[in-house]
Amino acid sequence: MPPRVRGAFPEHLKKDGTMALVTPPSVRGLFRMQTVDVLFLCETNSATSLMAEALLNQRADTRVRAFSAGSRPASALLPEAAQALTQRAIPTDGLEPKSWTIFALPGGLRPHIVVDLATVTWTEPDCARLAEYATLRWPLRDPALVERKADRRAVTDTALNALQTRISGELMRRIDSVRQAIDGEQSPASRQWA
């Protein structure tokens, strides 16, 4: 009996009289896809790490999610960072400083990749164990720690340019490696298709 189409996928009648889903070969691999989670860390989580989060979320496909956090989070996104992102048409909705400890909670999100943007080494031992696959160290000058407001915009632009370069190159290659590792761990036989 030829498959009939009802909804998004064709169906066919099995011998026992029930309907079975026929998944087209072009989409079978999509059901195994898992999201790669990336966490950007810095001290105040008000500029550098939030800009990195926004950049990656804008650039990456739906299989990548970016988050950010800090060891001593500020109260809000740095105005110079918000302005730099807005000028490049990068959305700032939902960007807010938060503590890295929320990622260390039991049952919390376990990032596959952690990118440490701080210019000092983390003192919290649990932070170094957050990443499931990789930890990258990209020490960048944090605009939030620049005292002179006149210098803060230049430091913000420098950090944003460096982040764009590193995310487009090294981080995207690392994300591809993690995707391959994740996909290799998931057994194709874990889900039966007709």
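The values are calculated or read from the model by the stated rules, or taken from the named source; none is laboratory data. Owing to the predicted nature of the structure, the values given are computational and were not obtained by experimental measurement. All Cβ positions, glycine included, derive from the backbone under ideal geometry; neighbour counts span all protein chains shown. For the accessible areas, the whole protein counts, side chains as well, though only heavy atoms, and no ligand, DNA or RNA atoms are used. Shrake-Rupley method; radii C 1.70, N 1.55, O 1.52, S 1.80 Å.
Annotations
- Residue list for the range 177-194, restricted to those being under 19 Å from the mean Cα position of the chain (by Cα) and either surrounded by 11 or more Cβ atoms within 10 Å (Cβ to Cβ) or modelled with pLDDT of 95 or more (or both): SER177, VAL178, ARG179, ALA181, ILE182, ASP183
- Hits in the range 22-51 - residues which are of a type outside the set (S, T, N, Q), at pLDDT below 80 and not in a helix (DSSP H, G or I): VAL22, PRO24, MET33
- Flag for ALA76 being open to solvent by less than 80 Å² (accessible area, probe 1.4 Å) and under 19 Å from the mean Cα position of the chain (by Cα): no
- Test: ALA69 is more than 19 Å from ASP157 (Cα to Cα) and in a strand (DSSP E or B): yes
Per-residue answers, yes or no, for (1) closer than 13 Å to LEU163 by Cα; (2) among the small types (Gly, Ala, Ser); (3) out of contact with any strand residue (DSSP E or B) (no Cβ under 8 Å at 6 or more places or on another chain):
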site	(1), (2), (3)
LEU50	yes, no, no
ARG63	no, no, no
LEU77	no, no, yes
TRP100	no, no, no
PHE103	no, no, no
THR119	no, no, yes
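- When we screen ALA60, ALA54 for residues that are modelled with pLDDT of 95 or more and within 21 Å of the chain's Cα centre (by Cα), the only hit is ALA54.
- Filtered residue count, the range 133-150, keeping only those that are closer than 14 Å to THR119 by Cβ and either in a strand (DSSP E or B) or touching a helix residue (DSSP H, G or I) at 6+ places or on another chain (Cβ under 8 Å) (or both): 8
Residues are listed down the side, and each one gets a yes or a no for (1) within 30 Å of ALA181 (Cα to Cα); (2) among the hydroxyl-bearing types (Ser, Thr, Tyr):
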residue: LEU39; (1), (2): yes, no
residue: ASN45; (1), (2): yes, no
residue: ARG65; (1), (2): yes, no
residue: GLY70; (1), (2): yes, no
residue: SER75; (1), (2): no, yes
residue: GLU96; (1), (2): no, no
residue: LEU109; (1), (2): yes, no
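- Residue check for THR123: of a type in the set (Ser, Thr, Tyr), at pLDDT below 90 and open to solvent by less than 90 Å² (accessible area, probe 1.4 Å): no
- So ASP157, is it at pLDDT 95 or above, open to solvent by 30 Å² or more (accessible area, probe 1.4 Å) and of a type in the set (Asp, Glu): yes
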